[in-house]
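The values are calculated or read from the model by the stated rules, or taken from the named source; none is laboratory data. Given the structure is predicted, the values throughout are model-derived calculations rather than measurements. So basically every Cβ, Gly included, is an ideal-geometry build from the backbone, and we count neighbours across all protein chains shown.
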Amino acid sequence: MKKLKIKKGDTVIVIKGKDASKPFKRRIGKVLRVEPAKNRIYVEGKNIIKKHMSRKSEQEPGGIIEREGPIHISNVMLICSSCEKPTRVKIQILNNKEKVRICKRCGAQIP
């Protein structure tokens with residue numbers, strides 16, 4: 001399994017695809033799920049798809065359900081929490097053999 005530089009809970013901006021043409025603030029979302037084997041991520045409120053579901057039980061209604069679809073990892077950029085700008089990420093190994101993500105713009109550590 002691949003090690004990706006974007007993790008669940010990160011804030012990202014969509015740079016390509018159908019959500020990329022929106023204004024800057026509307027392209028930003030939080031990562032809900034990461035699929036490293038397929039290089040896909042799911043971003044909150046982005047790439048909304050409609051799925052036709054049949055009714056399974058009385059509590060679970062059927063109909064058309066809108067939910068987030070997958071986006072390829074190359075079509076998003078991570079937003080640094082300190083400089084608040086889209087950035088590339090580099091991996092740095094600390095003295096205690098721990099790997100951390102570093103913002104290439106400002107050099108701050110990304111949690």
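Tabulated data for the structure shown
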{"item": "Selection status of residue 99, more than 21 Å from residue 6 (Cβ to Cβ) and of a type in the set (D, E, K, R)", "result": "no"}
{"item": "Selection count where residues are surrounded by 14 or more Cβ atoms within 10 Å (Cβ to Cβ) and free of Cβ contacts under 8 Å to residues at least 12 places away in the same chain, scope the range 86-108", "result": "0"}
{"item": "Residue 19, sole failed condition from (1) assigned to a strand (DSSP E or B); (2) surrounded by 15 or more Cβ atoms within 10 Å (Cβ to Cβ)", "result": "(1)"}
{"item": "The range 89-111, residues that are under 18 Å from the mean Cα position of the chain (by Cα) and assigned to a loop (DSSP other than H, G, I, E, B)", "result": "111"}
{"item": "Residue ID - surrounded by the most Cβ atoms within 10 Å (Cβ to Cβ), chosen from residues in the range 22-41 that are in contact (Cβ under 8 Å) with a residue 24 or more places away in the chain and assigned to a strand (DSSP E or B)", "result": "41"}
{"item": "Members of the range 42-57 that are in a strand (DSSP E or B) and in contact (Cβ under 8 Å) with a residue 24 or more places away in the chain", "result": "42, 43"}
{"item": "Some residue of the range 70-80 being surrounded by 13 or more Cβ atoms within 10 Å (Cβ to Cβ) and among the hydroxyl-bearing types (Ser, Thr, Tyr)", "result": "no"}
{"item": "Residues satisfying the stated conditions in the range 58-88, i.e. of a type outside the set (A, V, I, L, M, F, W, C), outside any loop (DSSP other than H, G, I, E, B) and within 14 Å of the chain's Cα centre (by Cα)", "result": "68, 70, 72, 74, 75, 86, 87"}
{"item": "Residue selected from the range 55-80 under the condition modelled with pLDDT of 90 or more and of a type in the set (Gly, Ala, Ser), by the criterion farthest from residue 111 (Cα to Cα)", "result": "63"}
